[in-house]
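Novice: Sharing a structure below in structure tokens format, with a few things to ask.
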């Protein structure tokens with residue numbers, strides 16, 4: 001006989017627990033006598049299914065097999081049941097989340113979001129994801145800044161709030177909006193101009209008193225980790241960690257990096273620049289240092305928020321006209337009915353003081 005009650009059992013486990021031991025005993029309900037025990041253990045002398053769950057990565061060890069099931073040995077000759085042997089029972093359990101589960105589909109596993117990453121398997125968390133939510137998509141951006149250009153707290157909060165109320169729904173969990181984590185980190189060496197161009201040969205770089213974005217990010221020579229590190233990507237704690245290389249590999253794949261700078265090389269008063277292709281990008285800069293003032297764009301807060309969200313949008317695969325229905329980039333700028341911060345007309349509340357800080361909320365057929 002097969003019984004599938006589909007019971008769901010939940011329990012809060014303290015964050016101090018690394019490995020949780022769990023035991024399961026199956027009984028029948030007997031109204032005329034004591035409840036009889038079933039044997040779900042393959043071990044002699046023990047009717048309990050016993051297993052352990054890692055609270056860091058969700059791996060399961062113990063009685064459960066790779067299928068999540070275990071069958072008792074029936075205690076031949078009575079065993080722990082004495083003169084009244086009980087039947088062998090096959091017990092199947094679904095333990096969620098599993099090691100590779102990503103419930104919200106944001107590229108971070110549920111266990112990474114619950115506890116963090118253990119890179120060397122010693123049951124010690126080596127890196128955490130601040131304020132991650134396994135049921136709601138998370139997006140992480142490290143922000144550095146040059147002297148005098150640290151972004152305003154209100155501007156950063158405005159962009160995070162815009163993502164928080166974004167009209168998107170997670171198809172897996174039903175959660176709405178996106179958790180954008182703009183992690184303002186540290187001051188980086190100042191430069192009057194920063195070169196954001198990508199050169200296949202460093203010898204092709206133009207001469208002059210400027211800095212190079214890749215040198216700033218990774219160092220020159222590239223030395224992002226360990227003593228004497230010269231790169232600025234990662235936090236100081238990351239760069240000095242014995243697991244720096246693992247953290248670097250993880251964040252290169254899953255974090256974006258932005259720097260608030262003075263000016264771009266040859267850019268004049270351009271407000272920023274970002275990597276852009278159909279699959280998005282990783283890096284961007286906000287370059288408002290050459291601006292004489294911000295009154296005509298709604299103030300410094302509005303200028304920083306609009307530019308930060310604009311350049312971040314490029315790394316998410318949005319061009320100045322968004323994307324076409326076939327997924328290709330739409331480079332047409334200043335379309336009058338593409339109401340998005342990606343459009344120069346709506347990057348700042350210059351022409352419409354009430355414009356939302358948002359990517360387009362209109363359907364593709366309407367905005368064209």
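Novice: What do you get for the angle between helix 244-254 and the principal long axis of the chain? Use alpha-carbon atoms, 0 to 90 degrees, nearest ten.
Specialist: With both axes taken from Cα atoms, the answer is about 80 degrees.
Novice: Follow-up. Using 7 Å Cα-to-Cβ label points, what is the residue 279/residue 235 separation (nm, one decimal)?
Specialist: Using points 7 Å along Cα→Cβ, the separation is 2.9 nm.
Novice: Can I ask one more? Between residue 296 and residue 36, 0.36 nm times their residue separation minus their Cα-Cα distance comes to what?
Specialist: Separation in residues times 0.36 nm, less the Cα-Cα distance, equals 85.6 nm.
Novice: In addition: Relative to the first principal axis of the alpha-carbon coordinates of the chain, what is the inclination of helix 300-315, with its axis defined by its Cα atoms, in degrees from 0 to 90 and to the nearest 10?
Specialist: 60 degrees
Novice: Find how much the distance from residue 17 to residue 252 grows on full extension, using 0.36 nm per residue of separation minus their present alpha carbon separation; answer in nm with one decimal.
Specialist: Stretched out fully, the residue 17 to residue 252 stretch lengthens by 81.6 nm.
Novice: Ok, one more. When averaged across all projection directions, what area in nm² does the alpha-carbon convex hull of the range 110-317 cover?
Specialist: The orientation-averaged projected area of the Cα hull of the range 110-317 comes to 13.1 nm².
Novice: Just to confirm the number: angle between the C-alpha axis of helix 153-164 and the first principal axis of the chain, 0 to 90 degrees, nearest 10?
Specialist: 50 degrees
Novice: Quick check: from the Cα gyration tensor, does the range 261-368 come out rounded (a/c under 1.5), prolate or oblate?
Specialist: It is oblate, given that a/c is not under 1.5 and a/b is not larger than b/c.
Novice: Tell me, in nm to one decimal, what length is gained between residue 352 and residue 124 on full extension, where the rule is 0.36 nm per residue of separation less the Cα-Cα distance?
Specialist: 76.9 nm
Novice: Still on this model: Nearest 0.05, what FRET efficiency do residue 61 and residue 135 give at R0 = 30 Å with Cβ-Cβ as r?
Specialist: Efficiency at R0 = 30 Å is approximately 0.70.
Novice: A further question follows. If I model a spin label at residue 198 and residue 326 as a point 7 Å from the Cα along the Cα→Cβ vector, what separation in nanometres do I get?
Specialist: About 2.4 nm, to one decimal.
Novice: Something else: Looking at the chain as a GNM with Cα springs under 10 Å, which of 323, 43, 136 has the largest mean-square fluctuation?
Specialist: The residue that fluctuates most here is 43.
Novice: Which residue, 174, 227, 98, tops the fluctuation ranking in a GNM of the chain built on C-alpha contacts under 10 Å?
Specialist: The residue that fluctuates most here is 227.
Novice: Hey, what's the Kirkwood Rh for the chain if you take every pair of different alpha carbons, in angstrom?
Specialist: Roughly 24.4 Å, rounded to one decimal.
Since every read-out is calculated from the coordinates, none of them should be taken as a lab result. What you are looking at is a predicted structure, and each value in this text was computed from that prediction instead of being measured. Neighbour counts run over all protein chains shown; Cβ positions are idealised from the backbone, glycine included.
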